[in-house]
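Throughout, read-outs are computed from the coordinates displayed, never taken from laboratory work. Treat the numbers as computed from the prediction; the structure is a model and nothing was measured. No Cβ is skipped: glycine too gets one built from the backbone with ideal geometry, and neighbour counts run over all protein chains shown.
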Amino acid sequence: MASESAEQKPETPPNFWGDMPEDEYYASQGVKNSQSYFETPNGKLFTQSFLPLDKQVKATVYMTHGYGSDTGWLFQKICIHFSTWGYAVFAADLLGHGRSDGLRCYMGDMEKIAATSLSFFKHVRYSEEYKDLPAFLFGESMGGLATMLMYFQSEPTTWTGLMFSAPLFVIPEPMKPSKLHLFAYGLLFGLADTWAAMPDNKMVGKAIKDPEKLKIIASNPRRYAGKPRVGTMREIARVCQYIQDNFSKVTAPFLTVHGTADGVTCPSSSKLLYEKASSEDKSLKIYEGMYHSLIQGEPDENADIVLKDMREWIDERVERYGSN
C-alpha cells in the first residue's frame, strides 16, 4: 500500500508549465532565456535574462521578486511579457532566496541585500551593449522595498524610471511584527535574529485570487514556506519606516500599481509614494477588488488590464526619455 500511495503522489515538474524543455518553452513564448551565477563579495546571485527573439531591444528592465519567491516559477511570466514587448529583462534571486546564496529568507540587512542585486543590475546596465539604452527598475511586493533601496543607492541619472507592483512600503496592521516579540528577541543580543520564530500570517492565501494559480504558486519547490525570521521582520519594519521618511527624495519618473483588496501590502504604500514623491512624472493605478499578486495571481482578464497599463506606461517613457 505504501508504494501505491507513493506512486499516486504527483511529482513537482521542473517548471510551472510542466516537462517541456526550457529552450522550447521560452522559444514558444518569443523569448531567449539565459541563466548564470554572478559573484559578489556577499555571495553568489542566481541571475536570468529574457531577451526578445524577434524584436529590437528598446530598453532594459531590472526586476526584483517578492518575499519567499524567486525569479523562476511564475514570477518569470512578468519578465517574459516585458521581453515580448521589446525589452531586455534581467532578474536576480535576492540573497537568501531561490538559487542565490544566503540563509533562506533572512533579510537582516536589507541595504546589503539591495546593494548585492544592484551590483549585478549596474554591471549589465553599464555594459557596452546596453549603456546607451533607457533603463528601468521593477519591484514587486517586498521586491519594491529592495528596489527603492537600490534607487537610493544609485546616482540619480542611473535609472530612466521605476515601476512598482503592490510595493511593500506600509505594513498592514495584521502583518505588523509584534513589538513585544521583537523586544523580547532583541534581549538575546542578536542570537535570535535568524530564528524562524515570528507568527506566520499565511500570506500566500491573501495574495492570490485565482485558485488554480494559487496551486501553481504553492507548488514552487524553491518557495520559502517557513515562519518569518526575527531579523527579517525587524528589518522590514525599519526599512518601511525609512522609505516612508524619504519618499520626497524620489525624483525619477515612476508607475506604482495596487489592488484595493490587497491583504499583504497596504494600498497606502502606493498612494503615499504618489503623494509625497518629488517626481514631476508620476503615475498611480489602483485596481478595485484586486488582490496582492496583480500579474501572477489574478484571473487572466484582470492581469491583462494591469499588463496593458504597464506596457503603455513604459513604452511612453522610452519614447519620451529615450534620446536623453
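For this structure, a couple of remarks:
- Electrostatic bookkeeping for TRP17 treats Lys and Arg as +1 and Asp and Glu as -1; over the other residues with beta carbon under 11 Å from its beta carbon, the sum is -2.
- Ranked packing of 38-49, 76-87, 241-252, most packed first, by mean Cβ within 10 Å: 76-87, 38-49, 241-252
- Here the gap between ASP309 and SER28, fully extended at 0.36 nm per residue and compared with their Cα-Cα distance, gives a gain of 98.7 nm.
- Antiparallel DSSP beta bridges within region 23-321, percent to nearest 5: 35 percent
- Listed residue pairs exceeding 32 Å between alpha carbons, taken from LYS77/LYS122; LYS122/LYS209; LYS131/LYS282; LYS131/LYS215; LYS44/LYS282; LYS32/LYS285: LYS122/LYS209; LYS131/LYS215; LYS44/LYS282
- The packing ranking of peptides 135-142, 264-271, 212-219, highest mean first, is 135-142, 264-271, 212-219, where packing means the average number of other beta carbon atoms within 10 angstrom of each residue.
- With both labels modelled 7 Å from their Cα along Cα-to-Cβ, the GLN56 to LYS112 distance reads 4.5 nm.
- Placing unit charges on the Cβ atoms of the charged side chains and taking the dipole of region 40-175 about its Cα centre, the candidate lying farthest along the positive direction among SER117, LEU162, PHE82 is PHE82.
- Local electrostatic count at SER34 - Lys and Arg +1, Asp and Glu -1, tallied over other residues with Cβ under 12 Å: -1
- Around GLN244: net Lys/Arg minus Asp/Glu count, Cβ-Cβ under 13 Å: +2
- Low-density loop positions, trypsin sites (Lys or Arg not before Pro), region 95-146 - DSSP coil, at most 11 other Cβ in 10 Å: LYS131
- In terms of packing, defined here as the mean over residues of other Cβ atoms within 10 angstrom, the peptides 304-310, 23-29 line up highest first as 304-310, 23-29.
- Two-site FRET efficiency, THR251 against GLU212, from Cβ-Cβ distance with R₀ of 41 Å, rounded to 0.05: 0.50
- Pairwise FRET efficiency - ASP300 versus THR12, Cβ, R0 = 22 Å, nearest 0.05: 0.45
- Taking every alpha-carbon pair under 8 Å whose residues sit at least 6 apart, region 10-81 reaches a relative contact order of 25 percent.
- Treating r as the C-beta distance of GLU316 and TYR242 and R0 as 41 Å, the FRET efficiency rounds to 0.85.
- Placing +1 on the Cβ of every Lys and Arg and -1 on the Cβ of every Asp and Glu, with nothing else charged, gives the chain a dipole about its Cα centre of roughly 940 debye.
- Dividing the summed -39500 (n - 2.57) terms of all DSSP H runs of n ≥ 4 by the residue count of the chain sets its mean residue ellipticity at 222 nm at -11000 deg cm²/dmol.
- Shape category assigned to the chain from the gyration tensor of Cα positions, a/c cut at 1.5: rounded
- Furthest towards positive pole of dipole, SER248, GLN29, THR47, structure part the chain, Cβ charges: SER248
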